[in-house]
Every structure is written in structure tokens, then in C-alpha cells.
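*Asks:* First the structure, which I've put down as C-alpha cells, then a few questions once you've had a look.
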Amino acid sequence: MSVPPTYLDKVRRPIAEANGLPNAHYIDPAIFEQEREALMFRQWAGLGVAADVPEAGDAKPITFLGMPLLLVRGRDDVVRVFQNICRHRGMILVEEPRKIEGAIRCPYHSWCYGTDGRLVSTPHVGGPGRNTHDSIDRATLGLIEVRSHIWRDVVWINVSGDAAPFEEVMADVMTRWAEFEQPLYHGGSDSVLTLELKTNWKLAVENYCESYHLPWVHPGLNSYSRLEDHYNIEKPGRYSGQGTEVYRQVTNENGEPFPDFAGISAKWDTAAEYITVYPNVLFGVHRDHAFAIILLPDGPGRTVEHIHLYYAVPKSDSGLRQRNTQLWKTVFEEDIFVVEGMQRGRHATGFDGGRFSPAMDSPTHCFHDWVASQLQRHSTYAGAAE
Ligand code: FES
Ligand SMILES: [Fe+2]
């Protein structure tokens, strides 16, 4: 597309006049492709977490909007992201998460790569018994690395390679939560949840951003953290979400909570915040635990949510952890019927993108404004390139 559609201007109007994004942005494969480029590949987007590859040599293949990628923790303990393909004939290198013993060996003709991506052997490439050939310069045929950065254990990637530096793009949210800039300990296998949702990934973001639905969708949460205890969080162009002034810690049978993160200010005695860092990472922070949710879109109408919970200490009470995971599981599952219901609603031709509550929906409108601005920006680029 070279000219951005004019309805995007309507989406970007002040909230009292704006419409939401039209149906096509949730159900049309052609628009999904445009959004993949503009909203995911050109941004810093979440791919997975470093805890997915806890030990040196661990490798995990992840398909990111159709693109086969490989998350690897090298023998040097550095986590890298590569395109999961062999430089010879483009075969997929790693099919399942596993530990790499020795090298990453292509199953087709056995070209081998180090866990740092270097091409290290090319058997018989010069003919039987000859493992080199003058035209095959191994130094230039390593795995194709994708630009990546780790923050709050999330592995962020910039597929296009030309986004501004991570710390520059994320400066505001990093400052907002500077107090939590300390070691995070993944709770392990009892602290991971995966939800498969029949919805567009943006509806998962939009629902996460607002507290408006709490009284009806989360009656348990709402019993102690009421609508009026919440505040909106918005940083146009970067992130939005909501916070609560009332956070109640989970405790074990002896009444003991998880230990707190070190040295955080009194505000966090009772507060908690939930933010979507655009495009696809949903964070929660509390005095005693945090979580990260990575949304991996799989076509316009399907999204997989990978949820990871973190604590302030490496060895937390496992019973308490399981209890906390269960509490969050209940909350996240309560949201499924609305994100899936809104998705089905996007097939009603009479829907005009909807109207926002100027008081309650501004974090969602903030996200729509970002989506529209990036699509406008991307179409300007595409126009310039034509
Ligand atoms: S495709 Fe990998 S070695 Fe041939
Ligand atoms: Fe919710």
C-alpha cells in the first residue's frame, strides 16, 4: 500500500470522536500481512524469554508470524536469535526444543554451525572426502542472526534490523519501572502457562490495557481491587495499560507471602501495574512477583499467549508459586470468552470499529493510535520505495 487509508485518521482522532480500527484489521489476511511488517517486523517485538533456553547449548525453535527462528543460548552463555535455516539449501535446522551437543547439524547434508552461529563444517562440499571448496567461504555463511535484546528476561527482536536502539525506544518504560531493574527469577515449570486463543492478537492487547471490564469479567479480583482503585497508564507511541492502588499478596498456609523485590518504594506496598509494551508484550509488576506475556500471532484469528511468572528470589516456596500461578490462570482464562467473542463480532459488517468510553478506554485508544500511526508511517515508506 502506498497511500494510507483515510479511516486511519478517524482512528487517530481525540477519543471522544474516534472510532476503533475497522473489522478488516482483525480478519483480513492482506491487512494482517501489512501489520506483520509495520507493527512487528519493524519494531522491537517480544519473541520469547531467556528462561526458554536456561542452559548453555539449549535451543528452541519459535515461529514468529510465519518466520522460522531459533533461540539459542551459546556455549559463551549469550542468548542469540537466528533464522532457523541452513545456508546451504534452506533446510529447517532444529524442529524441537533441545540441547545442542557439539554443533547445530543440518539434518539434510550435515553442514554444522556453532551455537554462536559460525559455520564450522561442510562435509564433502568439494566432492567425496573434500570438506572445503574455494567458492564456499565459511566465514560469510554463518547462520543469519536477528537483532535481539533482552530486558526483563524477554527476548526482543527487531527483524527489519533498522529500528532505533532498544534502550532509546524503551527509555520511558525502563524509567517508569527502574525500581524493578533487579534480578528476576523465573519460577520454573510451574510458572509457565500457554493459552491458545481464537482471536486477533490486538484484541488480547486491547483487553489487557483496560480495567473497565473488571467488575463483570473478573468478579474475584474485583471483590478487593475495585474499578475505582484503578488508574490508566498511557505513553503515546510506546505503551499503555492500567494500575491498581490495591494489591493483595498471596500467602501460604502460615500466612507468609513471597519475599519482596529489594528496595522498592512504599507505593508498591499496595500498588501493582499492568502494561502492554507495544506491540506484543504484556507485563505485570507487583512488590513480590512479576509476569511477562508474549503474544505470538498465528494468522488474523489466532494467537498463542506464553505466560511466565517471576520472583525476587531464586528459590521461592513452590506451593505458594503454584497457588499464584493458579490464581493468574483463573484471571487469564476469564478473559478468553471476551477476546474470542470480540473476534467473532468482527465478522458483523455493521460494526464500525466501535466507540470508546473517554473515561475508561483511553489506554485502548492509545494503542489504536499507535497502530494507525505505524501503518501510516509504513505506507509512507512503501510509497517512497516505489
Ligand atoms: S540444506 Fe543444510 S546441509 Fe544441505
Ligand atoms: Fe481481564
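*Asks:* Does the range 218-250 hold any residues that are under 15 Å from residue 270 (Cα atoms), part of a strand (DSSP E or B) and of a type in the set (Val, Ile, Thr), and which are they?
*Replies:* The answer is 244, and nothing else.
*Asks:* Applying the selection to the range 119-175, what residues are part of a strand (DSSP E or B), in contact with a helix residue (DSSP H, G or I) (Cβ under 6 Å, 6 or more places away or on another chain) and farther than 24 Å from residue 307 by Cα?
*Replies:* Hit for the range 119-175 is 119, nothing else.
*Asks:* I'm told residue 137 meets every condition in (1) of a type in the set (Asp, Glu); (2) in contact (Cβ under 8 Å) with a residue 24 or more places away in the chain; (3) not assigned by TED's automatic domain parsing to the domain that holds residue 289 except one. Can you identify the failing condition by its number?
*Replies:* Here residue 137 meets the rest and fails (2).
*Asks:* Here's a follow-up. Out of all the residues in the range 27-42, is one or more assigned to a strand (DSSP E or B), aromatic (Phe, Trp, Tyr) and closer than 23 Å to residue 306 by Cα?
*Replies:* There is no residue in the range 27-42 that is assigned to a strand (DSSP E or B), aromatic (Phe, Trp, Tyr) and closer than 23 Å to residue 306 by Cα.
*Asks:* Still on this structure: Among the candidates 279, 358, 314, 363, which residue alone is modelled with pLDDT of 95 or more, closer than 20 Å to residue 45 by Cβ and either of a type in the set (D, E, K, R) or assigned to a loop (DSSP other than H, G, I, E, B) (or both)?
*Replies:* Checking each option against the conditions leaves just 279.
*Asks:* Quick one: is residue 90 among the small types (Gly, Ala, Ser) and either assigned to a loop (DSSP other than H, G, I, E, B) or surrounded by fewer than 20 Cβ atoms within 10 Å (Cβ to Cβ) (or both)?
*Replies:* Against the criterion (among the small types (Gly, Ala, Ser) and either assigned to a loop (DSSP other than H, G, I, E, B) or surrounded by fewer than 20 Cβ atoms within 10 Å (Cβ to Cβ) (or both)), residue 90 qualifies.
*Asks:* Let me ask something else. Being charged (D, E, K, R) and at pLDDT 95 or above is the filter here, so list the residues in the range 93-140 that pass it.
*Replies:* 95, 96, 98, 99, 105, 116, 118, 130, 134, 137, 138
*Asks:* Residues to consider are 50, 30, 16; find the one that is farther than 25 Å from residue 357 by Cβ, modelled with pLDDT of 95 or more and out of contact with any Lys or Arg (no Cβ under 8 Å at 6 or more places or on another chain).
*Replies:* Matching residue, one of 50, 30, 16: 30.
*Asks:* Among the candidates 243, 263, 220, single out the residue that is closer than 30 Å to residue 163 by Cα, surrounded by fewer than 21 Cβ atoms within 10 Å (Cβ to Cβ) and either within 16 Å of ligand 2 (Cβ to nearest atom) or not hydroxyl-bearing (Ser, Thr, Tyr) (or both).
*Replies:* Only one candidate passes the filter, namely 243.
*Asks:* Residues in the range 180-199: is at least one aromatic (Phe, Trp, Tyr), away from ligand 1 (no atom under 16 Å from the Cβ) and either assigned to a loop (DSSP other than H, G, I, E, B) or not assigned by TED's automatic domain parsing to the domain that holds residue 327 (or both)?
*Replies:* There is no residue in the range 180-199 that is aromatic (Phe, Trp, Tyr), away from ligand 1 (no atom under 16 Å from the Cβ) and either assigned to a loop (DSSP other than H, G, I, E, B) or not assigned by TED's automatic domain parsing to the domain that holds residue 327 (or both).
*Asks:* Shifting gears a bit: Could you say whether any residue in the range 117-130 is away from ligand 1 (no atom under 15 Å from the Cβ) and touching a residue at least 40 places away in the same chain (Cβ under 8 Å)?
*Replies:* No; the residues of the range 117-130 include none that is away from ligand 1 (no atom under 15 Å from the Cβ) and touching a residue at least 40 places away in the same chain (Cβ under 8 Å).
*Asks:* Testing residue 85 on (1) over 30 Å from residue 119 (Cβ atoms); (2) buried (at least 16 other Cβ atoms within 10 Å of the Cβ), one condition comes back false. Which one is that?
*Replies:* Result: residue 85 fails condition (1) only.
*Asks:* Report the residue count in the range 287-335 for those that are under 30 Å from residue 34 (Cα atoms) and among the aliphatic types (A, V, I, L, M).
*Replies:* 7
*Asks:* For the range 1-25, enumerate the residues that are in contact with a Leu (Cβ under 7 Å, 6 or more places away or on another chain) and either closer than 13 Å to residue 368 by Cα or in a helix (DSSP H, G or I) (or both).
*Replies:* 8, 11
*Asks:* Can you tell which of 377, 346, 323 is farther than 27 Å from residue 221 by Cβ and of a type in the set (Lys, Arg)?
*Replies:* Unique residue meeting the criteria: 377.
*Asks:* Regarding the range 303-320, can at least one residue be identified that is more than 16 Å from ligand 2 (Cβ to nearest atom) and closer than 26 Å to residue 21 by Cα?
*Replies:* The answer is yes, given that some residue of the range 303-320 is more than 16 Å from ligand 2 (Cβ to nearest atom) and closer than 26 Å to residue 21 by Cα.
*Asks:* What number of residues within the range 208-217 satisfy the criterion of being in contact (Cβ under 8 Å) with a residue 40 or more places away in the chain and either farther than 18 Å from residue 365 by Cβ or more than 12 Å from ligand 2 (Cβ to nearest atom) (or both)?
*Replies:* Summing the residues that are in contact (Cβ under 8 Å) with a residue 40 or more places away in the chain and either farther than 18 Å from residue 365 by Cβ or more than 12 Å from ligand 2 (Cβ to nearest atom) (or both) in the range 208-217 gives 1.
*Asks:* Output the residues belonging to the range 198-216 that are surrounded by fewer than 16 Cβ atoms within 10 Å (Cβ to Cβ) and within 26 Å of residue 23 (Cβ to Cβ).
*Replies:* 198, 213, 216
*Asks:* May I ask you to list pairs of residues, at least six apart or on different chains, whose Cβ atoms are under 9 Å apart, with the first in the range 349-370 being surrounded by 16 or more Cβ atoms within 10 Å (Cβ to Cβ) and the second being in a helix (DSSP H, G or I) and of a type in the set (Asp, Glu)?
*Replies:* Close Cβ pairs satisfying both conditions: 361/206; 363/206; 364/206; 367/206; 368/206.
*Asks:* Could you grab me the full set of residues in the range 51-82 that are closer than 14 Å to residue 148 by Cβ, over 17 Å from the mean Cα position of the chain (by Cα) and assigned to a strand (DSSP E or B)?
*Replies:* Hits for the range 51-82 are 72, 73, 82.
The values are calculated or read from the model by the stated rules, or taken from the named source; none is laboratory data. What you are looking at is a predicted structure, and each value in this text was computed from that prediction instead of being measured. No Cβ is skipped: glycine too gets one built from the backbone with ideal geometry, and neighbour counts run over all protein chains shown.
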